Structure formats: structure tokens, C-alpha cells
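I have placed the structure first, in the form of C-alpha cells, so that the comments after it can refer back to it.
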Amino acid sequence: MKKIAVLTSGGDAPGMNAAVRAVVRMALHNGLEVMGIKRGYAGLINGELFKMDRSSVSDIIQRGGTILRTARCEEFKQEEGRKKAANILKAYGVDALVVVGGDGSFTGAKLISKLGVKTIGLPGTIDNDLAYTDYTIGFDTALNTVIDAVNKLRDTSTSHERVSVVEVMGRHCGDLALYAGLAGGAEAIVVPEKGFDKDELCKTILEGKAKGKMHNLILLAEGVGGADELAKHIEEVTSLETRATILGHIQRGGSPSASDIVLASRMGARAVELLLEGKTCRVVGIKNNEIMDMDIDEALAMERKFDNELYDIAAALSY
Ligand code: ADP
Ligand code: F6P
């Protein structure tokens, strides 16, 4: 193992830069050469590789986004595209590739490893939707962004005694809504993992009003449906003034939290250690605060478990 490359792929996540920095610095510390790849798999296919040294990752640990940029690349989903990518890596003398991304990016990493490229995946996504790891890089920062917004919305909702529906990201995974719902003291949490009855929700809202609640905050994961539509339904059924707020890509930006930086640094360092141990086709995660790794196939096949305990606590505390 002499030379490795690193790329970021899929939706960006705060902490990706800290992960890239950790990969680069750990590799250099161990006498490896490092190439950065711009624009994920698209950049790899286009040969957008450049040599990285210690100063290439100076002053990025605290920055949101990804200095390597990111992309979604249809061509890489085809065998031909992946062959092109593998040949480029061979031409640059790259022995191994570290991919920071979500499950789609991991699938890509798994497939290119079949063409003789050693690969390690780091979980970079705000969704926290990877079953094998307790947390993904970016989730904590996005959660704090959502909570900040929820606290602001609570002020205006209380002033106007309104219902507020807040739509957060997470197509198939309700973790952002769940954690933000608990930490933001929401009256209801609507996630794809749980059944959802609109009329039950309206009943809960009216009961809250009868108990003297000044506001009703509903945390809605985007995968369940749109906030506008739900707000309209709530207003029609309850006759309470209701507003919808879609937080959108705000959730993906901003400086990473200390917790995400520490996580990204630990994971990035482990990725290099694994490569030095001759490992390939592994993903790095965290379980019970221990950094761990797992076969990519096994990790992708795992079914996510929804945290029912948190959901029940949030429901009880919103009484
Ligand atoms: P994420 O990694 O955040 O889940 P995507 O699902 O958009 O994001 O995947 C990012 C990129 O990974 C895709 O644009 C594509 O290049 C690659 N990818 C995704 N799925 C596959 C697949 N089934 N086969 C090969 N490459 C894939
Ligand atoms: O996977 C991360 C994520 O932010 C999802 O929560 C969201 O549904 C999606 O990406 C949005 O993707 P795009 O970058 O295409 O807007």
C-alpha cells in the first residue's frame, strides 16, 4: 500500500471535511501518498485527481460542505463507467479508495472493489439512515440546526397560538424528526417508520389545546408527505391556525458540531488503519462509542431498527 485516494459522494454532510482531513493526515503520518478526487464518482471517471499534502487540508476541520465537492453520477452505476474509474485509479497508481457518503456511495464502492480497487466507506449523511452504525457524520450538526429552527418557531407559534408543522429531511429514515422532536419538545413526531393517522394527530392537537398548550409543534419527516398538505388538513379539521415550515437544505449546511468533528476524525483515521492492515470492502461505524468496521455487503444488508424507546419517551413527555 503506497498511494490512496479519497472522495466525497452523494448528499453533502457537515463533517465531511473533517473526515477528508483525517484520512489525508493519517495517511501522510504513515508514509502514504494521498490523492484527492473532485466531484465524487463523476470526477473520478473524468480524471479529476490531484495530489494532497498536509496543507491541502489546513483550515477545513471546522468548515461545512466538502472541499472535494460532491456529485451524483449515473454513469458510475453502469459497469462501463466503473471500469473507466478503475482504470483511472490504476493509471494514477492508486491502490485504495476511501469513499465518504451514504448507502448509494457504499454500493458504488462495493462494486468498484470487484474490479480490484481496495475500498473503505465512511458514513457521511445527515439522515442517520445506515443500520450498521449508531451515528453518521453530519447527523448531529443537522439535528442542532433543526433544533435551533424549532426553538425559533416555537416563539412565534406561541405568540400566535398556532400549530406549526416543521418538515425535516429523511426520505426513509425519521431519525432527524425523532431526535429533533424529543429535543425540541414537539407535540407530535411523524416518521416513515411509524403508522400515521391524520385524524388521530388532529385529535392530539385539540386535546393539547384543551389542556392549555400555547402552541403545537409537529415534526414531520419528508418521507411521510409534504408539510403544506398536512398543515392544510390540520387547519381544516381543527380550525386552528396552522403554518408549515420546510427546513430544506439549510439542514445540510453549517460548521460541523464538535461531536461530528470528533466522529469524522476517529472514522477517517480508522479508514487508513484498515487499509494499512490490508483490509478492503469495509465500512467504518460507531457502536456504543467504539469505532468499528464491517463488511460493506453485510452493512448494506442490515435492516435499520427504529428507536421505539425514544419515540415513546417523546410522546410521554409531550403530554
Ligand atoms: P448517498 O451515497 O448519499 O446514498 P446516492 O444514493 O445519490 O447518495 O449515491 C451517490 C452516488 O453513488 C450515485 O450518484 C452513484 O454514482 C453511486 N451509486 C449509487 N447507487 C449505486 C449503484 N447501485 N451502483 C453503483 N453506483 C451507485
Ligand atoms: O440523503 C441526504 C438528503 O439530504 C436527504 O435527506 C434528502 O432527501 C436528499 O438528500 C436531498 O437530496 P438533493 O441533494 O438531491 O436535494
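The values are calculated or read from the model by the stated rules, or taken from the named source; none is laboratory data. None of the values given here were measured: they were computed from a predicted structure. Reconstructed Cβ throughout: ideal geometry from the backbone, glycine too, with neighbour counts over all protein chains shown. We work out accessible area using only protein heavy atoms, side chains counted, and drop any ligands, DNA or RNA first. Shrake-Rupley method; radii C 1.70, N 1.55, O 1.52, S 1.80 Å.
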task = Answer yes or no as to whether A18 is among the small types (G, A, S), away from ligand 1 (no atom under 16 Å from the Cβ), closer than 24 Å to G254 by Cβ and surrounded by 21 or more Cβ atoms within 10 Å (Cβ to Cβ).
result = yes
task = Return the total of residues in region 69-104 being within 16 Å of ligand 2 (Cβ to nearest atom), hydrophobic (A, V, I, L, M, F, W, C) and either surrounded by fewer than 17 Cβ atoms within 10 Å (Cβ to Cβ) or closer than 18 Å to M35 by Cα (or both).
result = 3
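Among residues belonging to region 157-176 that are closer than 16 Å to K209 by Cα and not in a strand (DSSP E or B), point out the one that is least open to solvent (accessible area, probe 1.4 Å).
It comes out as S157.
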query = Within region 1-40, which residues are within 16 Å of ligand 2 (Cβ to nearest atom) and basic (K, R)?
reply = R39
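Take L220 and decide whether it is within 19 Å of G248 (Cα to Cα), away from ligand 1 (no atom under 16 Å from the Cβ) and either of a type in the set (S, T, N, Q) or open to solvent by less than 30 Å² (accessible area, probe 1.4 Å) (or both).
Numbers: within 19 Å of G248 (Cα to Cα): yes; away from ligand 1 (no atom under 16 Å from the Cβ): yes; either of a type in the set (S, T, N, Q) or open to solvent by less than 30 Å² (accessible area, probe 1.4 Å) (or both): yes.
It is true that L220 is within 19 Å of G248 (Cα to Cα), away from ligand 1 (no atom under 16 Å from the Cβ) and either of a type in the set (S, T, N, Q) or open to solvent by less than 30 Å² (accessible area, probe 1.4 Å) (or both).
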request  = State whether the residues of region 37-47 include one that is more than 16 Å from ligand 1 (Cβ to nearest atom) and of a type outside the set (G, A, S).
outcome  = no
G31 vs. criteria assigned by TED's automatic domain parsing to the domain that holds I67 and within 15 Å of ligand 1 (Cβ to nearest atom) = no
